[in-house]
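Presented below is the structure to which this report refers.
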Amino acid sequence: MKLPTPDERATVLEARRGAKMARSAHAYVRGNTARFYEWLDDAPTARRVPAGPSVWICGDCHLSNLGPVADGKGRVEVQIRDVDQAVIGNPAHDLIRLGLSLATAARGSDLPGVATARIIEAMIEGYGAALHDPTSGDTGPEPDVVRSIKRRALGRRWRDLARERLADTRPTIPLGKMFWPLDDRERDALAQVIADPGVARLILSLASKADAADVELVDAAYWRKGCSSLGLLRFAAIVSTGERASGADYGLIDIKEAVAPVAPAARGATMPADHGERIVAAARALSPFLGSRMVASRLLDRSVFIRELAPQDLKLEVGQFSAADGARAARYLAFVVGKAHARQMDHQAREEWRDALEGDRGGAIDAPPWLWDSVVELAGRHEVGYLHHCRQYALRPSAG
């Protein structure tokens, strides 16, 4: 197959992004963060959304951005796994985005509307439990979708990561549909970044041979990955951290361009001006396991953030679930998000925010009306937007 040149990438990636978003309403929600905030701001419920404490929020809190994450010592927890859109903002926005993602997944599972109502109720229960006790609070029953993904994560090693990401266990990146060749300028720039002392220290700290020789770039390629991030710089690199003759350790490094977030920041919020630094700071606040494995840098005059991919890092893949497992998943995942928010608040702030949420519950649907109404409003707008998007993109030959 003919692989695109760096100059041709933008056209190919834009077509690819349109095709991915046309696959399902859930995929459309996932890749449509900017319109989510536009529609949320324009919705009749916008003024009723409470202003919670100003903390780091995910900013793009959909299902696929939660999942098992490993720290540098191999421990695994379900945490937020993508913080590209993170800002110091209103935690209510993460709740609405998660609620919309769960509601869309419920529709994709052909569940009745009452199941969606129970899912939103369960979300508030789980989130409130995390605010009450983020350290040892009750997560509720572990849902099947989480149990199965955690079981997979705990048993994975480098060979599993290599086969999944690279389709091979050899320390090379196979060029083709997912990986595209670099030009000399890009390869030289990547080699310089990997050799940077700050980046090298991060990689060495995660390797089993922390006292090994300097980090060396083994292979690299442009990585056609993601949905909303398609079109930004993204590279995969294999690095070694030991003498090859005596058995080098290899790592797979993800280098991703950092750009301005579309999630709204709180008024007066103080965040790093460099977007790579912002993302790393957010990860350390929201998802410590992830944040401990990230560093910001510059590449080709652009801000980037870098992390070594761990075999245990997996995203939640929600195909179809039952009404009962949907509610369990909602409670559990909202607890994960609540814990990420709560660890940034003192006891008084947590209790005041929890009281604000609890005080707006009641009626036929035991969930805050602003949350339910926001999810319903946005679900309708996304469904209409998705159908228009399909008409525009799904039948384009170049979009496959």
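Read the figures in this text as sums done on the coordinates, not as results from a lab. In this text, all values refer to a predicted model and were calculated from it rather than measured experimentally. Methodologically, a virtual Cβ is constructed for each residue, glycine included, from the backbone with ideal geometry; neighbour enumeration extends over all protein chains shown.
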Cβ-derived FRET efficiency at R0 60 Å, His347 paired with Ser24, nearest 0.05: 0.90
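With only Lys, Arg, Asp and Glu charged, each at its Cβ (+1 for the first two, -1 for the last two), find how big the charge dipole of segment 13-146 is about the Cα centre; round to the nearest 20 debye. Please report the intermediate quantities before stating the final value.
Numbers: 14 positive and 17 negative charges, 100 e Å.
Its charge dipole is roughly 480 debye.
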Figure the gain on full extension for Ala191 and Asp42 (residue separation times 0.36 nm, minus the Cα-Cα span) and round it to one decimal in nm. 49.1 nm
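Report the net charge of residues surrounding Ser303, where surrounding means a beta-carbon distance below 11 angstrom and charges are Lys +1, Arg +1, Asp -1, Glu -1. Can you show the working numbers first?
Working: positive: Lys256, Arg278, Arg298, Arg302; negative: Glu257, Asp274, Glu277, Asp301.
Computed value for this residue: 0.
In the neighborhood of Gly326, defined by Cβ-to-Cβ distances under 12 Å, what is the net charge if each Lys or Arg adds +1 and each Asp or Glu adds -1? Walk me through the intermediate numbers first.
On the way: positive: Arg107, Arg118, Arg328, Arg331; negative: Asp110, Glu121, Asp144, Asp325.
Local net charge: 0.
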Once label points are set 7 Å from the Cα along Cα→Cβ at both Ala273 and Ser322, what is their separation, rounded to one decimal in nm? 5.6 nm
